[in-house]
Amino acid sequence: MQNILITGSNRGLGLEWARQYAYDDWRVFATCRHPAEAAILQELAEEQKTVSIHRQSK
């Protein structure tokens, strides 16, 4: 399984890249500044167990 780190993954292109890589069986390390507010990203992580969410520092 390949790994990828995606910054700004709570919306826009970052979220779409996280989704695409997760569905292609990559291990996705998704970062965003406010993980608690990233509802769509959290749903993706619940659906795709290869996605982990991490807080991105400022």
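The values are calculated or read from the model by the stated rules, or taken from the named source; none is laboratory data. These numbers come from a predicted model, not from an experiment. Every residue, glycine among them, receives a Cβ derived from its backbone with ideal geometry; neighbour counts consider all protein chains shown.
Observations
- Taking the criterion of being under 13 Å from residue 1 (Cβ atoms) and either basic (Lys, Arg) or not in a loop (DSSP other than H, G, I, E, B) (or both), the residues of segment 24-51 that qualify are 27, 28, 29, 49, 51.
- In summary, residue 1 fulfils each of the numbered conditions (1) over 9 Å from the mean Cα position of the chain (by Cα); (2) at pLDDT 95 or above; (3) surrounded by fewer than 18 Cβ atoms within 10 Å (Cβ to Cβ) with the single exception of condition (2).
- Selection count, segment 10-27, where residues are touching a Lys or Arg at 6+ places or on another chain (Cβ under 9 Å) and either surrounded by fewer than 16 Cβ atoms within 10 Å (Cβ to Cβ) or within 24 Å of residue 58 (Cβ to Cβ) (or both): 1
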